[in-house]
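These notes are about the structure you will find just below.
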Amino acid sequence: MKKIGVYTSGGDAPGMNACIRAVVRTAIANDISVVGIRRGYEGMIAGDMIDLDSRSVANILQRGGTFLKTARSEEFRTPEGRAKAMEQLRKRGIEALVCIGGNGSYAGALKLNEEHGIPCVGIPGTIDNDLYGTDFTIGYDTAVNTALDAIDRIRDTADSHDRVFLVEVMGRDSGFIGLDVGIAGGAEGIMIPEDKEDIGKLLTHFSQEDRRTKAFSIIVVAEGEPEGGAARLATRLLAEYPNLDIRTTILGHIQRGGSPTARDRILASRLGYEAIQALQKGLKNIAVGIINGYASYTSFEHAIHNKKSVSHELLRMAEVLSR
Ligand code: F6P
C-alpha cells in the first residue's frame, strides 16, 4: 500500500484535526503517502483533494473543527454518486481510506467497499459518543465540558432569580451528553431519549413537597428526548404549573466548536495512529476504538447495527443525588 486518502464526514467534532495529524504522520512514518479529501463524500465525488505531508498538519492539534472540512452528502447515497467518487480515487492512485466520522460515514465507506472493493478503516468522530466499539468518541469530552461551563453560568442566574431553567444539549438519538452534563452540573432532572418515562418523572418532581424548599432548578434536556426538546417540555410544565418561572436555553452548535480538551487530543492521536496500524495489518471495513484503555477493532457491520447504551444505573444515581 503506497497511498491512502483521509477525510472527515458528518458533523464536525473537536479533535478531528488532531486525528488527521496523527493519521498523516503515522502513515508517512510507514512510507505511505496521504491525500486529504476535502468536504467528506461531497469532495470525494468532486475530486476535491490535496496532498498532505508532515508540515501540512502542523499547528492544527489544538484547533476545533476540521481543516479538511466536512459535509453530509445526498449524492453519495446513490450508486452513481459512489461510482463517481471511486473514479476520482482511482485517478489519484488512492488504495485505501481512513474515514473519521459517525455511523452514516461508516455506512458510506462500507457501501463503497462492497461496490468497488476499496478498503477502509473508520475512526469514531462525533460529539454524541453514540458509536458502538469504543468507550468514547472524538469530541465528546470537549462537548461535555463546553456544555458544563454553560450550565455553571446558567446556575448563577437561575439562583439569583429563583427560576427553572431547561437547558437543551445536543444528542439527536442518544443521551450521553445529557447524562454526563446533568451529573457534573448537579441538574435536578435529566431528560434523554433512552428514558421513555422522563416526562412523568419531571411532572412528579415539581409536584413534590420538598421541591418547594429548592428555590431554583436546572433541568438538562437532550434534543432527542421523547417530548421533542426543551421548548415543548417548557410548554408542558407551564400548563401543569403556571406559577413556575421557566426559561429555556438551547446550547446548540457551541458544543461542536472550540479547542479540544487534552483527553480528546490524546484519544484522537491514539485512534489516528491505530487506524494506520490496522491498515498495515491488512484489516479493512473496521472501526478502531479504545475500550478499557486498549485499542480494539469492530467491523463496520457491527458498529453500524449495534447501539451503545447509556448507563441506567448512572441515571438512577443522578436522580438520588439531585434530591
Ligand atoms: O451528530 C452530531 C450532532 O451534533 C447531533 O447531536 C445533532 O443533532 C446534529 O449533529 C446536528 O447536525 P447539523 O449540524 O447538521 O444540524
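Answer yes or no as to whether SER105 is at negative phi and outside the structural domain of ALA278 (by TED's automatic domain parsing).
Details: at negative phi: yes; outside the structural domain of ALA278 (by TED's automatic domain parsing): no.
No, not satisfied.
On the basis of being more than 16 Å from the ligand (Cβ to nearest atom), under 17 Å from LEU148 (Cα atoms) and open to solvent by 10 Å² or more (accessible area, probe 1.4 Å), does GLY200 make the cut?
Values: more than 16 Å from the ligand (Cβ to nearest atom): yes; under 17 Å from LEU148 (Cα atoms): no; open to solvent by 10 Å² or more (accessible area, probe 1.4 Å): yes.
Against the criterion (more than 16 Å from the ligand (Cβ to nearest atom), under 17 Å from LEU148 (Cα atoms) and open to solvent by 10 Å² or more (accessible area, probe 1.4 Å)), GLY200 does not qualify.
Output the number of the condition that GLU42 fails; it satisfies all remaining conditions of (1) within 25 Å of the chain's Cα centre (by Cα); (2) without any contact (Cβ under 8 Å) to a residue 40 or more places away in the chain; (3) surrounded by fewer than 17 Cβ atoms within 10 Å (Cβ to Cβ).
The single condition GLU42 does not satisfy is (3).
Taking SER217 as the residue in question, decide whether it is over 21 Å from LYS307 (Cα atoms), among the polar types (S, T, N, Q) and touching a strand residue (DSSP E or B) at 6+ places or on another chain (Cβ under 9 Å). Can you show your working first?
Numbers: over 21 Å from LYS307 (Cα atoms): yes; among the polar types (S, T, N, Q): yes; touching a strand residue (DSSP E or B) at 6+ places or on another chain (Cβ under 9 Å): yes.
Taking the combined requirement at face value, the residue satisfies it.
Got at least one residue in segment 218-234 being touching a residue at least 24 places away in the same chain (Cβ under 8 Å), within 18 Å of ARG153 (Cα to Cα) and more than 16 Å from the ligand (Cβ to nearest atom)?
Yes, that holds for at least one residue.
What helices (runs of 4 or more DSSP H), lying completely within segment 1-98, carry at least 1 residues that are within 16 Å of the ligand (Cβ to nearest atom) and assigned by TED's automatic domain parsing to the domain that holds GLU274?
Values: elements: 16-29, 40-46, 79-92.
Here the list reads 16-29, 40-46.
All but one of (1) out of contact with any Cys (no Cβ under 8 Å at 6 or more places or on another chain); (2) within 20 Å of ILE20 (Cα to Cα); (3) crowded, with 20+ Cβ neighbours inside 10 Å hold for GLU95; which doesn't?
(3)
Only one residue in GLU274, GLU313, GLU319 is assigned to a helix (DSSP H, G or I), open to solvent by 90 Å² or more (accessible area, probe 1.4 Å) and more than 16 Å from the ligand (Cβ to nearest atom), so which one is that?
Working: GLU274 fails: open to solvent by 90 Å² or more (accessible area, probe 1.4 Å); GLU319 fails: open to solvent by 90 Å² or more (accessible area, probe 1.4 Å).
Result: GLU313 is the single residue among GLU274, GLU313, GLU319 that is assigned to a helix (DSSP H, G or I), open to solvent by 90 Å² or more (accessible area, probe 1.4 Å) and more than 16 Å from the ligand (Cβ to nearest atom).
The values are calculated or read from the model by the stated rules, or taken from the named source; none is laboratory data. Quick caveat: nothing in here was measured; it's all calculated off a predicted structure. So basically every Cβ, Gly included, is an ideal-geometry build from the backbone, and we count neighbours across all protein chains shown. Heads up: the accessible areas ignore ligands, DNA and RNA and are worked out on the full protein's heavy atoms, side chains in. Shrake-Rupley method; radii C 1.70, N 1.55, O 1.52, S 1.80 Å.
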